[in-house]
Amino acid sequence: MPGLFAAASITLAAHEARRTLAAPAARTWAKGQLSALRQAGIARPMVPIALFELGNMATTLLILRATDVLHHGSRDLTAATALAILLYAAHNALAAAVSYAAGTVLDRTGPRAVFATGAAVYVAAYLLLAFAGHNWALLLGGFVLAGTGIGCAETPRAP
């Protein structure tokens, strides 16, 4: 049900946006707002964040990928799903723990180093997840690295 409500909301929002932005005044307003963001200096720091979010895989897809990889041999689907959820719990635990350390480094060095570290760790995590095969230990390593990357990358973005 939540997925259906989300799809309906997105459809209605897209329809409203199309109708609103079709008016010439709305297009001028939107262009003016983007120009104001650029003049305020917000556009430049938003570029790396936008690029990170484009590459950030949804956690649901991580769990589905792990379930698919772990469901082989004598391991049934229920066991594979349970193991994938445990891997995701490790991901979240590391993300929470690393965010504290990343906050300390952020205070000392600034957001650029912490965000760049998070992005680099995230790339390593995705490479490990891509080549982990049916090995649950390598999948765990990929989830832990992804959690570390999130802990680093989301800390500089926090308000």
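Applying a threshold of 9 Å to beta carbon distances and a minimum spacing of six or more residues, or different chains, the list of pairs starting in region 57-86 at a residue that is assigned by TED's automatic domain parsing to the domain that holds Ala146 and surrounded by 12 or more Cβ atoms within 10 Å (Cβ to Cβ) and ending at one that is of a type in the set (D, E, K, R) and in a helix (DSSP H, G or I) reads Met57/Arg65; Ala80/Asp68; Ala84/Arg65; Ala84/Asp68. Say we look at region 91-114 and pick out the residues that are hydrophobic (A, V, I, L, M, F, W, C) and surrounded by fewer than 16 Cβ atoms within 10 Å (Cβ to Cβ); which of these is nearest to Leu61 (Cα to Cα)? Checked region 91-114; the qualifying residue nearest to Leu61 (Cα to Cα) is Ala93.
Listed here are the residues, each with its yes/no results for (1) over 19 Å from Ile49 (Cα atoms); (2) part of a helix (DSSP H, G or I); (3) of a type in the set (A, V, I, L, M, F, W, C).
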residue: Ser74; (1), (2), (3): yes, no, no
residue: Ala89; (1), (2), (3): yes, yes, yes
residue: Ala95; (1), (2), (3): no, yes, yes
residue: Ala113; (1), (2), (3): no, yes, yes
residue: Ala116; (1), (2), (3): no, yes, yes
residue: Ala119; (1), (2), (3): no, yes, yes
residue: Gly147; (1), (2), (3): no, yes, no
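Given (1) at pLDDT below 85; (2) part of a helix (DSSP H, G or I), identify the lone condition not met by Asp107. Answer for Asp107: the failing condition is (1). Across region 132-159, the number of residues qualifying as surrounded by fewer than 18 Cβ atoms within 10 Å (Cβ to Cβ), over 21 Å from Ala89 (Cα atoms) and not charged (D, E, K, R) comes to 2.
The values are calculated or read from the model by the stated rules, or taken from the named source; none is laboratory data. Every value quoted in this text rests on a predicted model; they were computed, and no experiment measured them. Glycine also receives a Cβ, built like all others from the backbone with ideal geometry; neighbour counts cover every protein chain displayed.
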